[in-house]
Each structure stands twice: as C-alpha cells, then as structure tokens.
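The values are calculated or read from the model by the stated rules, or taken from the named source; none is laboratory data. Note that the coordinates shown come from a computational prediction; the quantities given were computed from them, not determined experimentally. Heads up, the Cβs are rebuilt from the backbone with ideal geometry, glycines too, and the neighbour counts pull from every protein chain shown.
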Amino acid sequence: MAIIHSKAILGIVPRPQSAGALHFAKFTHVFDAAYTAAGNILELGVLAPYAKIAGYKIIPEGAFGGVTFSAGILSGILGADGARVQGVELAAAASALTAAIDGVVPAAFDLASSDLERGIGFTLSGDVAASAAKKITLLLQYYQ
C-alpha cells in the first residue's frame, strides 16, 4: 500500500492565516550609477511564491530624457545572472518614464501563480546617466 500526499499535506499551499489576504511590497531603484541600456535588465522586485498580482503602480522620479521601458516577469531563478527573458506583463516597450502609471495591463492580473519566487524586470530603451534624483519605484499589491 502506498500513501499519496496532496499538495496540502506537503505544505505547498498558502498559510491559512494569510490565504487571500492582500499584501503590499515597495521596490525602489536609485540610478546612483549609470545604466547602460544595451541588453541590460534591471531586476527591480520579487513576486512571492504562489502570489497573484492584485494591483500595481510604477512611479518614475527625475528626468529620463525620452527613455521608454517595458516591465514584466523574468524567466529563470531569482537573482541569477546570465540569459534570462523578461515579459511585458506590467508595461509594454513604449511606456514613457514621465509620470506614474497605474497597473492596467490585463496580463498582469491573469498571470498564473508559481511555487517559486520570480523576479520583476525592467528594460529601458536608452542609457540613464547616474543621478540620485532618478528613481523607479514599483508599488505591488498581491495575494496568495
């Protein structure tokens, strides 16, 4: 006789005290060092395991001189270097870094949960000179 364990028995479910609760995370990157756009991805935030996005806001601060961006979930292991692919679940490639953007992309809200932490990446269309006045902040609401 074999005993088959469900995901609940293995502990692969949200904790009862937080299941369905809305959580909030704030991620900020200060461009205190120059950012070279060619092929670079800024891994700005983390989507927790089993999380689904409930809302988000992207807030640029400072002058980015016509630089646009895309933002979405990164493939691969959180924090890893090397070949990783970034989606556009949060913002498409033509999004301007000129004003706050409320989350409106349906793909962000339809994103399937995963049992792994996932990086949230930003790809910028041009170089950004170093300046402590230049920042990108992601305000993320999610539930598990």
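Values as computed for the structure displayed
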quantity	calculated
Residue in region 37-53 that is among the aromatic types (Phe, Trp, Tyr), outside any loop (DSSP other than H, G, I, E, B) and modelled with pLDDT of 80 or more present	no
Region 48-86, residues that are of a type outside the set (D, E, K, R), farther than 18 Å from residue 106 by Cα and without any contact (Cβ under 8 Å) to a residue 60 or more places away in the chain	68, 75, 76, 77, 78, 79, 80, 82, 83, 85
Number of the condition not met by residue 88 [criteria: (1) in a loop (DSSP other than H, G, I, E, B); (2) aliphatic (A, V, I, L, M); (3) under 11 Å from the mean Cα position of the chain (by Cα); (4) closer than 14 Å to residue 40 by Cα]	(4)
Qualifying position, being of a type in the set (Ser, Thr, Tyr), assigned to a loop (DSSP other than H, G, I, E, B) and at pLDDT 70 or above, among 6, 18	18
Selection status of residue 75, in contact with a Pro (Cβ under 9 Å, 6 or more places away or on another chain), surrounded by fewer than 17 Cβ atoms within 10 Å (Cβ to Cβ) and closer than 17 Å to residue 43 by Cβ	no
Residue in region 108-118 that is in a strand (DSSP E or B) and at pLDDT 90 or above present	yes
